[in-house]
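Enquirer: After the structure tokens below, expect a handful of questions from me.
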Amino acid sequence: MEHRDRPIIIAGPCSAESRGQLREATEAISSLPQVKMIRAGVWKPRTRPGGFEGMGEEALQWMQVLMKEFGVEYCCEVARPEHVALCQRYGIRAVWLGARTTGNPFMVEEICEAMRGSGMGVMVKNPMSPDLKLWVGAIERVQLAGAQEVMAVHRGFDVYNNEGLRNAPMWELALRLRRELPEVPLLCDPSHLGGSRERVAALSLAAMQLGYDGLMVEVHPHPTLALTDAAQQLTPGELATLLDNIKEQKHQATDAEVLRLTPLRRQMDDVDHELLRLLGRRMELSREIAGVKRETGMSVYQSKRWEEVLADRLRLAETLGLDSDFVRELLEKIHGESVRVQMKG
Ligand code: PEP
Ligand code: MN
């Protein structure tokens, strides 16, 4: 396998299930030069007891043999300090902290202690909840433990409005992580984001357009037979097609192409300034209204009026082709600020 700087592609089955399955996956994936490392879960976090919980140490033994046969490197999830010690014993190149671990600083700390001085690469998946500080904090702990190759993996957030996906991307959070930790490569995990095979390609392309450094994709030789995450794993052939599409998309813009953006950006600047001036005017009106409400003894929050405002603005938004969820969220934010301003008086 060739090692390229960009994009960093990690691919492999959700779980290492049997010697045969891991061998078949490894043989197919190792023939793709873009793939840097093979992933395979060895200990599986399960929401409820009784499911397939991973093959544990036995899977690491298979990996040790296959590493030599195919000249590949493996990575897997660690959730306890003992897992780290076992991975080291079997020569696993890199490990990752799963979403359920990143959200638990005690566990992150224990795993980091076990990793200190190991020289293993470490990836940190985002926590289940959209809490940027937890994600950044886990990465900082890993860095403090002396890990050299640290990467972040964006696998989406378990929130109410998940945009019809398995996990809500909330891309802006991952991009904020990148601004806070620009030295840490950011990978996208389109498999756990999408939750279904059909969604993986579009999410991967979206991530590459946003400037992600690479992908961690679930790939299984026979996805429908997979013991975990059967719906979201690609076949090795589908991965090959996806990687070709990403390559085609990678195109360095020329100076002339960048220049075409300049006048549009100027107009965008003007629109933003206008929006802020209008918001300022709206808050002034809010203060005037607060004065009248105080004088007449009316309460600040008038639910009937707010419902009418919302319905009116959503009708307008529709005629303007704006997304109604986006407009509703924006208006609720503005209204919240308006109520706060009126309470202050
Ligand atoms: C996985 O990668 O198979 C996994 C369990 O991921 P996450 O921690 O993102 O749920
Ligand atoms: Mn999985």
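Enquirer: Filter the range 73-82 down to the residues that are of a type in the set (A, V, I, L, M, F, W, C) and either outside the structural domain of residue 187 (by TED's automatic domain parsing) or open to solvent by 10 Å² or more (accessible area, probe 1.4 Å) (or both) and list them by number.
Expert: Correct list: 79 only.
Enquirer: Among the residues of the range 52-67, write down those that are modelled with pLDDT of 95 or more and outside any helix (DSSP H, G or I).
Expert: Correct list: 54, 55, 56.
Enquirer: Restricting attention to the range 223-244, and to residues there that are among the polar types (S, T, N, Q) and within 11 Å of ligand 2 (Cβ to nearest atom), which single residue is surrounded by the fewest Cβ atoms within 10 Å (Cβ to Cβ)?
Expert: Taking the candidates together, the pick is 228.
Enquirer: Can you tell me which residue is nearest to residue 74 (Cα to Cα) among those in the range 22-52 that are touching a strand residue (DSSP E or B) at 6+ places or on another chain (Cβ under 7 Å) and of a type in the set (Lys, Arg)?
Expert: The extreme case among them is 39.
Enquirer: So residue 130 ticks every box in (1) under 22 Å from the mean Cα position of the chain (by Cα); (2) surrounded by fewer than 18 Cβ atoms within 10 Å (Cβ to Cβ); (3) within 18 Å of residue 14 (Cα to Cα) but one. Which box is left unticked?
Expert: (3)
Enquirer: Mind counting the residues in the range 46-98 that are among the basic types (Lys, Arg) and free of Cβ contacts under 8 Å to residues at least 24 places away in the same chain?
Expert: 3
Enquirer: Which condition number in (1) in contact with a helix residue (DSSP H, G or I) (Cβ under 7 Å, 6 or more places away or on another chain); (2) at pLDDT 95 or above is the one that residue 118 fails?
Expert: (2)
Enquirer: Taking the criterion of being part of a helix (DSSP H, G or I), open to solvent by 90 Å² or more (accessible area, probe 1.4 Å) and within 30 Å of residue 6 (Cα to Cα), would at least one residue in the range 292-302 satisfy it?
Expert: No: zero hits.
Enquirer: Then there's this: On the given criteria, is residue 158 at pLDDT 95 or above, within 12 Å of ligand 1 (Cβ to nearest atom) and in contact with an Asp or Glu (Cβ under 8 Å, 6 or more places away or on another chain)?
Expert: No.
Enquirer: Here's something else I'd like to know. Is it the case that some residue within the range 5-18 is more than 29 Å from residue 184 (Cα to Cα) and away from ligand 1 (no atom under 14 Å from the Cβ)?
Expert: Yes.
Enquirer: Looking only at helices (runs of 4 or more DSSP H) that fall completely inside the range 169-220, which ones have 1 or more residues that are under 20 Å from residue 37 (Cβ atoms) and either without any contact (Cβ under 8 Å) to a residue 60 or more places away in the chain or within 12 Å of the chain's Cα centre (by Cα) (or both)?
Expert: Answer list for the range 169-220: 190-194, 197-209.
Enquirer: Still on this structure: Tell me the residue from 99, 85 that is closer than 23 Å to residue 139 by Cα, of a type in the set (Gly, Ala, Ser) and open to solvent by 40 Å² or more (accessible area, probe 1.4 Å), please.
Expert: 85
Enquirer: Among the numbered conditions (1) in a loop (DSSP other than H, G, I, E, B); (2) touching a residue at least 60 places away in the same chain (Cβ under 8 Å); (3) closer than 25 Å to residue 6 by Cα, tell me where residue 33 comes up short.
Expert: Exception for residue 33: condition (2).
The values are calculated or read from the model by the stated rules, or taken from the named source; none is laboratory data. Note that the structure is a prediction, hence the values are computed from the model and not measured. Please note: Cβ atoms are built from the backbone with ideal geometry, for glycine as well, and neighbour counts cover all protein chains shown. Please note that ligands, DNA and RNA were not included when accessible areas were found on the heavy atoms of the full protein model with its side chains. Shrake-Rupley method; radii C 1.70, N 1.55, O 1.52, S 1.80 Å.
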